[in-house]
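Report on one structure; see the data block that follows.
The values are calculated or read from the model by the stated rules, or taken from the named source; none is laboratory data. Please read these numbers as outputs of a predicted model, since none were measured by experiment. Here Cβ is always computed from backbone atoms with ideal geometry, including for glycine, and neighbour counts include all displayed protein chains. For accessibility, only protein heavy atoms count, side chains too; no ligands or nucleic acids. Shrake-Rupley method; radii C 1.70, N 1.55, O 1.52, S 1.80 Å.
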Amino acid sequence: MPRRGDAVHVATTSRHYKGKTYHTHLLRRTFRQDGKVKHQTLGNLSHLPPEIIELIRRALRGETLVPAAEAFEIQRSLPHGHVAAVLGTLRRLGLDRLLDPKSHRLRQLTLAMIVARLLHPCSKLATARGLDEQTSSLADVLDLGAIDEDQLYEALDWLLGRQEAVETALAQRHLRSGTLVLYDVTSTYFEGHSCPLGKLGHSRDHRPDRLQIVFGLLSDVAGCPISVEVFSGNTADPATLAPQIEKLRQRFALDHVALVGDRGMITAARIREDLKPNDLFWITALRAPAIRKLLTGGALQLSLFDQHDLAEISDPNYPGERLIVCKNPLLATERARKREDLLQATERELDKIVDSTRRRRGPLRGQQRIGLRVGAVLGRFKVAKHFRLHIADDSFGYERLVEAIAQEAALDGLYVLRTSVPATLLGTEQTVEAYKGLSSVERAFRSLKTVDLNVRPIYHYLERRVRAHVFLCMLAYYVEWHLRRSLAPLLFDDEAPEAGKALRASVVAPAQRSAQALAKAELRRTADGALPIHSFQGLLEHLSTLCKNRVLLKQPGAIAFDEYTLPTPVQERAFQLLGVSPRL
């Protein structure tokens, strides 16, 4: 038995045998006898679990051990990793300083709304409730305290007043004179009828029953958003172009910019009245009637595409401009298939009307009634131009316009780009690549409207709040755009798009995913096979499992501190790629 003055401890020794390491844990007494230090083994602890051995070791050192529940308690565990990733990236990009160099409550509330838009897009009322109830660590990290929706509305009003300054700063960061600028518009709908911006118009969301707004997005050639502008819901696409030109020339002070827009945006009238007077270059495409005129006039020869899918031509109707003709066989096949499907679907419905005029009991009669039925069918499938109709009081017939269909089919897969950019500044293939870059703006609209940020439906009634809401969503997409690029190795996104472009036989051919991206999609693992890959929202959800815990020590003074859960390998890699710390 140990005596007074003896020291009892756990001694651990290790030995290696046949490639394995064996540990021995002995309970020993150290004492003095005849002036010498001696050791006595009291027992072998090696059979005990490591955690029990550690408890014995600590108890022998004099530590007072109590059950964990009596030593401390976790007051609150908040999902935190996704907040740290988004807010940390926002700060790394300097977006907080672009909003205002000085930190104050309105800026903090705005940052909270931008981050919340990425983490859990919802109404401002629901956002305020989530921040106030601390459904994540966002309010805690930004030290927001008590929050209600009125404070968020006040922050929205403040944000709108900062829009021009922020957009100008983004333009200085991402645009230069002589650069390409992408521009496109979309629409989205309202809940309610009180906002003066809300008008009935062409609904791209297939909600013609709702009031809507139109908004246009300017981005750089890589699709990074620079500026957004809101218009009333009945504004035609070309009418939105003039304000963008003024913005580029006056506010952003850019010269020799090439504006890239689709054929419905940059029309002949806009070129004549807006672009040329402001000495701006443009890249757009011709509509089908204009392409047909080139074909009938002889400037465009289909034999050009016997060996190549790309050719540059000129025409006296477009002086000082370049016309680049592209032929995409895959697009031609798809258009032919879609046209035939629509024609057959229309004929099936028209045949029903024919049968209804011939039935013995209660036949359909009257030109007006028959015409209404026919009009509904043609309005549904949008191929009325391909049919000749015969409507009488007691009969109905139709036939395909074979020659007109053949004329349209001759243009399948054919598109013509129209540009004023000199060939010395932008080659033929580079011009086609620039026009195809509009797909990045379309991806931005998908993210803004449906996939990630849910700009629709809009619940605000005041015009300034609607404009601020759309600008807020654009800023959230700005952060998302950079997040996706940084996190690409952990996402299904192609992290080497240039390698995919190199696989194409021609710039006209559809884009290809790189071999690395295809391998990731098949194996669902990162390129090195070490980690699983995720969707963007799936990765944010996984990051949210890294929690920020408020721990209270049950000791005199009741000390409280924050402790974070250990990151998983995926979380650790994500923060490495982002270059931010989870400990905000």
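Helix content alone sets the calculated 222 nm mean residue ellipticity of the chain: runs of n ≥ 4 DSSP H residues at -39500 (n - 2.57) each, divided across all residues, give -12000 deg cm²/dmol.
Protection proxy ranking for 121-128, 289-296, 35-42, using the average of other Cβ atoms within 10 Å per residue and placing the highest first: 121-128, 289-296, 35-42. Using only Cα atoms, find the angle between the long axis of helix 50-60 and the longest principal axis of the chain, and express it within 0 to 90 degrees, rounded to the nearest 10. Taking Cα atoms only, the helix is inclined about 40 degrees.
Note on residue 209 and residue 433: with the Förster distance fixed at 56 Å, the Cβ-Cβ geometry gives a FRET efficiency of about 0.90. Spin-label model, residue 459/residue 551: points 7 Å from Cα along the beta carbon direction are separated by 3.8 nm. Of the peptides 537-548, 249-260, the ranking by mean beta-carbon count within 10 Å, highest at the top, reads 537-548, 249-260.
Between residue 73 and residue 292, the modelled label-to-label distance comes to 7.9 nm, taking each label 7 Å out from Cα in the direction of the beta carbon.
Find how many whole Å separate the alpha carbon centroid of region 155-179 from the alpha carbon centroid of region 247-322. Each part's Cα centre sits 29 Å from the other's. For the pair residue 359 and residue 376, label points projected 7 Å from Cα toward Cβ lie 1.3 nm apart. Put simply, when 172-178, 223-229, 442-448 are sorted by average Cβ atoms within 10 angstrom per residue, most first, you get 223-229, 442-448, 172-178.
Our note on the geometry: Cα centres of region 79-105 and region 508-567, 19 Å apart. Subtracting the Cα-Cα distance of residue 20 and residue 44 from 0.36 nm times their residue separation leaves 6.6 nm of extension gain. If you take all other residues with their beta carbon under 14 Å from the beta carbon of residue 93, and give Lys and Arg +1 and Asp and Glu -1, the sum is +4. The simple Förster model, with R0 at 35 Å and r as the Cβ-Cβ distance, assigns residue 278 and residue 499 a FRET efficiency of 0.40. Within the shell of other residues whose beta carbon sits under 13 angstrom from the beta carbon of residue 461, the net charge comes to +2, with Lys and Arg scored +1 and Asp and Glu -1. Each Lys and Arg adds +1 at its Cβ and each Asp and Glu adds -1 at its Cβ; summed about the Cα centre, region 84-210 shows a dipole of about 580 debye.
Between the entries [x] 156; [y] 293; [z] 312, the label attached to volume of the Cα convex hull per residue in Å³ calculated for this structure is [y].
For region 466-584, the solvent-accessible area with a 1.4 angstrom probe is 48 square angstrom per residue. Rounded to 0.05, the FRET efficiency of the residue 389 and residue 442 pair, given R0 = 30 Å and the Cβ-Cβ distance, is 0.25. Beyond 20 Å in Cα-Cα separation lie the following of the pairs 338/501; 338/385; 338/382; 102/247: 338/501; 102/247.
Estimated at 0.36 nm per residue, the fully extended path between residue 194 and residue 425 surpasses their Cα-Cα distance by 78.3 nm. Charge dipole of the chain (Cα centre as origin; +1 on each Lys and Arg Cβ, -1 on each Asp and Glu Cβ, all else neutral): 1540 debye, rounded to the nearest 20.
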